[in-house]
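The values are calculated or read from the model by the stated rules, or taken from the named source; none is laboratory data. Owing to the predicted nature of the structure, the values given are computational and were not obtained by experimental measurement. Cβ: placed from backbone, ideal geometry, glycine included. Neighbour counts: every protein chain shown. The area values use the complete protein model at the heavy-atom level, side chains included, leaving out ligands, DNA and RNA. Shrake-Rupley method; radii C 1.70, N 1.55, O 1.52, S 1.80 Å.
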Amino acid sequence: VPDDAFEDFLIIRGFDDVMDDYVLTSNIENIETLQISGDGGHGGAAKNLIGIEDFVSLERLSLSEMHQLTDLDLSKNMSLKSLNLGELFGQISISFPENSTEFSTFYCYTLSKLEELDFSNCPNLEKIEIQDNYKLVSINLQNGNNTLIGTNDFHIDENPNLTCIQVDNVAYSTANWIIRNDNPNAYFSEDCSLEGLTYVPDDNFEQALIDLGYDDVLDDYVVTDNINI
């Protein structure tokens, strides 16, 4: 556990006894719930949570007011069911449990520098609430199992810069999920990587656009901004 603030938190909670960058795995491997918030001796000053991968029984993780946290790798926490993040002000990178059958619930509010979220490896996601993330641009929900998320379990609120939400099926998401008006630029798509491109399937037409300088490669797509002037 190389981060002193995280280890100090574990010492205060009685899971460790000396600041030496290590904690007995047997002391943490049965912990099911972990809540870290605030600064000082409460773990809030941690920059990373390296070592959390050995919390193999962890089911519920809540982090708030950890203003220096920049890396949150939960890819090995296969027992994790619920993740609650609030008021994290660093340029944070989040890695979710890889293809976990347990992970089902995600809450996130006021992550001031978060730009994207990717749940494509979370096939059992059932509830999602994302609110007040002003730099959030994209969310990938395309996990092959979107029907698990019902109408009352989808809450995407007050993310003014959010644009593309990648989903399994646009028709299903449009019929069952509501994008509130406080997300003025958000929309559903089955392939966010193609957003900003116009489909031009006819090779002769696309070649004409290339000859005119509006495109540069014959690939059935042209940058929309190049042709909407």
(message) Residues that are of a type outside the set (D, E, K, R), in contact with a Ser or Thr (Cβ under 7 Å, 6 or more places away or on another chain) and open to solvent by less than 20 Å² (accessible area, probe 1.4 Å): does region 45-55 have at least one?
(response) no
(request) Could you check A208 against (1) aliphatic (A, V, I, L, M); (2) surrounded by 16 or more Cβ atoms within 10 Å (Cβ to Cβ); (3) more than 25 Å from F103 (Cα to Cα) and say which number it fails? (result) (2)
(request) Of all residues in region 141-177, count the ones that are open to solvent by less than 60 Å² (accessible area, probe 1.4 Å), assigned to a helix (DSSP H, G or I) and under 19 Å from Q131 (Cβ atoms). (result) 2
(request) Filter region 182-211 for residues that are on the phi < 0 side of the Ramachandran plot, modelled with pLDDT under 85 and of a type outside the set (V, I, T) and give the result. (result) S193, L194, E195, L197, Y199, P201
(message) Can you find, within region 99-140, the residue that is nearest to N169 (Cα to Cα) among those that are open to solvent by 70 Å² or more (accessible area, probe 1.4 Å) and among the hydroxyl-bearing types (S, T, Y)?
(response) T101
(request) From the list Y214, Y134, pick out the single residue that is at pLDDT below 95 and either in a strand (DSSP E or B) or within 24 Å of S95 (Cβ to Cβ) (or both). (result) Y134
(request) Taking the options N84, N27, name whichever one is within 28 Å of G150 (Cα to Cα), at pLDDT 95 or above and not in a loop (DSSP other than H, G, I, E, B). (result) N84
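Checking the conditions here, which among V167, V222 is over 27 Å from L83 (Cα atoms) and in contact with a helix residue (DSSP H, G or I) (Cβ under 8 Å, 6 or more places away or on another chain)?
Numbers: V167 fails: over 27 Å from L83 (Cα atoms).
Criteria check complete, one pass: V222.
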